[in-house]
Amino acid sequence: MVYKKSSGKLFLFLSGLLIISLSYGFGGKNLNELKHKESSKENLSLKNKTLKIYSPSVGEKPAEEVYKNIKVFKGLPASRLLPTMHFIEASLGADCGDCHVHDKVKGWEFDSDAKPGKKKARKMIEMMNDINEHHFMGHQEVTCYTCHRGKFNPQTVPALLTLPLKTEERKDEDIKVANRLNTAGDIIAKYLKAIGGKDAYQKITSLKFEGSTLNEEGKEMPVTIYQKAPDKLLMVTQNHWGELSRGYNGEIGWFKAGQREDKVDGDNLNLLKDAAEFYKNINIDKDYSNLRLSDIVVVDGDTAYEVKGTLSAYLNDKLYFDVNTGLLIRRIEYDNTPLGNLQVQTDYKDYRNVDGVLIPFTVHTAGYETNQTTNFTNITANREIADNIFDMPAK
Ligand code: HEC
Ligand code: HEC
């Protein structure tokens, strides 16, 4: 996340960090929200205009009760405000500082309306909702990205040379699949068998991953990850300014960056907890609701079943399983904000056998501001890992 000039601990934790998506169940670093299974969609009135958003889930405060100066996002669950800001950021190619005041002494003053960009953005949100309501029957067809395309100032003149957009997937009605499976249940059963089966997976109680991550700036950093069943995690990365660790011991989540260390709470804690869940891969059918086969597509040259599933009121995933091997080769997470969807795509490659189960040795994650590949050189299972390495280090 581009929290330039930021200093708060939340921002430090989020900025420029990655949570490597080892299993299907946790993903890009912006998957930082609780599961709101209970929430339901409703129309919220907004200065006589209707804005389709979600009602706060049980026990959650609306944005206006948590933040100081909410005018357009009244009624939005507070935890949805930051993903919405990231949607704006990604759509306009903007930084928080383009719309928000940063004081040298006091830090961020997000509630201040001093910057014209913020006032303009409010007007834009109203305009966009107007267009969708009056011209697209209330469907979210036009978003900030439709006009802005990653630029603060939308282009009015077509570019001189338009390069074809890189298509990620090619849909093909006529793709022939031998022994074609017809239900999500069968596809998941095939996947579980392909990775070694639930029994073999459950015999594994700890994992150590060693490798390196190549980020969007072309920098390579070593990474070591320790995982212990059912829910312990330690990730250690090395970047230009030193060592960075994040851990969860089943109870407390923490980070340590150079001399700084702190507990992690809220959405960031949920992110860590999610990442720490050891048996996610074999609980795929429990974590998602409404799993359904939606298409057969070509992903990077391989034919795959596209299975859609719902994780929460705001998170919907597409999972791509290779029709031949049965393995999960891609996952796209969609994070629905009131302005549009954010997406993070994770590709899993180079599955190899580790003590009887198949684990991908290459994980590539691409999001609106992430593009990184982690290559593991060594993954070992069931070696002795002391429990206390997952605890927050003593100061
Ligand atoms: C293009 C302009 C724009 C950008 C870029 C932007 N915001 Fe905002 N932000 C807004 C607007 C507009 C509001 C007020 C929403 C309302 O009135 O309901 C807001 C409100 C907020 C608030 C609530 C403040 C309060 O107490 O009322 C926070 C926090 C916030 N933004 C954080 C961020 C962060 C973090 C980023 C960068 C990731 C960011 N914003 C990027 C336009 C922007
Ligand atoms: C229908 C097209 C369209 C949509 C949708 C749209 N914008 Fe804009 N936006 C424009 C145009 C055109 C301009 C430049 C003209 C102007 O500044 O009035 C602009 C300007 C802006 C600016 C000021 C840029 C500057 O240089 O000062 C901000 C901030 C902005 N838009 C935010 C948003 C946000 C946030 C959204 C989504 C909620 C959004 N826009 C959706 C067309 C659009």
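The values are calculated or read from the model by the stated rules, or taken from the named source; none is laboratory data. As the structure is a computational prediction, the values presented were derived from the model and not from experiment. Glycine gets a Cβ as well: all are built from the backbone with ideal geometry, and neighbour counts include every protein chain shown.
Looking at segment 264-278, can you tell me whether even one residue there is of a type in the set (Phe, Trp, Tyr), out of contact with any Pro (no Cβ under 7 Å at 6 or more places or on another chain) and at pLDDT 90 or above? Scanning segment 264-278, I find no residue that is of a type in the set (Phe, Trp, Tyr), out of contact with any Pro (no Cβ under 7 Å at 6 or more places or on another chain) and at pLDDT 90 or above, so the answer is no.
Would you be able to say whether some residue in segment 225-234 is of a type in the set (Lys, Arg) and without any contact (Cβ under 8 Å) to a residue 60 or more places away in the chain? No; the residues of segment 225-234 include none that is of a type in the set (Lys, Arg) and without any contact (Cβ under 8 Å) to a residue 60 or more places away in the chain.
Quick one: would you say Ile175 is outside any loop (DSSP other than H, G, I, E, B) and either near ligand 2 (Cβ under 9 Å from one of its atoms) or modelled with pLDDT under 90 (or both)? When the stated conditions are applied, Ile175 does not pass them. Among the residues making up segment 262-298, those that are under 21 Å from Ile389 (Cβ atoms), part of a strand (DSSP E or B) and either among the basic types (Lys, Arg) or in contact with a Lys or Arg (Cβ under 7 Å, 6 or more places away or on another chain) (or both) are Asp262, Lys263. Taken over segment 109-125, the criterion of being loosely packed, with under 14 Cβ neighbours inside 10 Å and either modelled with pLDDT under 95 or charged (D, E, K, R) (or both) is satisfied by Asp111, Lys119, Lys120, Lys123. Selection over segment 340-378 of residues that are under 20 Å from the mean Cα position of the chain (by Cα) and β-branched (Val, Ile, Thr) gives a count of 8.
Checking each residue in segment 100-121 for being charged (D, E, K, R) and away from ligand 2 (no atom under 15 Å from the Cβ) picks out Asp103, Lys104, Lys106, Glu109, Asp111. Taken over segment 244-261, the criterion of being assigned to a strand (DSSP E or B), small (Gly, Ala, Ser) and under 25 Å from Gln202 (Cα atoms) is satisfied by Gly247, Gly253. Surrounded by 15 or more Cβ atoms within 10 Å (Cβ to Cβ), modelled with pLDDT of 90 or more and touching an Asp or Glu at 6+ places or on another chain (Cβ under 9 Å), is that true of Val357? It is false that Val357 is surrounded by 15 or more Cβ atoms within 10 Å (Cβ to Cβ), modelled with pLDDT of 90 or more and touching an Asp or Glu at 6+ places or on another chain (Cβ under 9 Å). Of the residues that make up segment 371-384, is at least one in contact (Cβ under 8 Å) with a residue 24 or more places away in the chain and among the basic types (Lys, Arg)? Yes, there is a match, as at least one residue in segment 371-384 is in contact (Cβ under 8 Å) with a residue 24 or more places away in the chain and among the basic types (Lys, Arg). On inspection, Arg330 fails the criterion of being in a loop (DSSP other than H, G, I, E, B) and of a type in the set (D, E, K, R). When Ser91 is tested against (1) under 30 Å from Gln155 (Cα atoms); (2) small (Gly, Ala, Ser); (3) more than 16 Å from ligand 2 (Cβ to nearest atom), just one condition goes unmet, and that condition is (3). With respect to Val157, is the statement that it is at pLDDT below 85 and not polar (S, T, N, Q) true? Judged against the criteria, Val157 is a match. Apart from one condition, Ala304 fits all of (1) surrounded by fewer than 17 Cβ atoms within 10 Å (Cβ to Cβ); (2) more than 27 Å from Gly250 (Cβ to Cβ); the exception is (1). When residues in segment 338-348 are screened for being more than 30 Å from Val177 (Cβ to Cβ) and either in contact with a strand residue (DSSP E or B) (Cβ under 9 Å, 6 or more places away or on another chain) or in a loop (DSSP other than H, G, I, E, B) (or both), 3 of them pass.
Checking each residue in segment 60-83 for being under 19 Å from the mean Cα position of the chain (by Cα), within 16 Å of ligand 2 (Cβ to nearest atom) and either at pLDDT 95 or above or among the hydrophobic types (A, V, I, L, M, F, W, C) (or both) picks out Leu81, Leu82. Reported count of residues in segment 289-320, each being of a type in the set (Phe, Trp, Tyr) and within 16 Å of His364 (Cα to Cα), is 1. Of all residue pairs spaced 6 or more apart or on separate chains, those with beta-carbon atoms under 9 Å, a first member in segment 122-134 that is in contact (Cβ under 8 Å) with a residue 40 or more places away in the chain and within 9 Å of ligand 2 (Cβ to nearest atom) and a second member that is assigned to a helix (DSSP H, G or I) and of a type outside the set (Asp, Glu) are Ile125/Ile88; Ile125/Cys144; Met128/Cys144; Met128/Thr146; Met128/Cys147. Restricting attention to segment 136-153, which residues are near ligand 2 (Cβ under 6 Å from one of its atoms) and touching a residue at least 12 places away in the same chain (Cβ under 8 Å)? Result: Val142, Cys144, His148, Phe152. When the residues of segment 95-120 are filtered to those that are without any contact (Cβ under 8 Å) to a residue 12 or more places away in the chain and part of a strand (DSSP E or B), which remaining residue is farthest from Lys68 (Cα to Cα)? This residue is Asp103. Condition check for Tyr320 on (1) more than 16 Å from ligand 2 (Cβ to nearest atom); (2) surrounded by fewer than 22 Cβ atoms within 10 Å (Cβ to Cβ): one failure, at (2).
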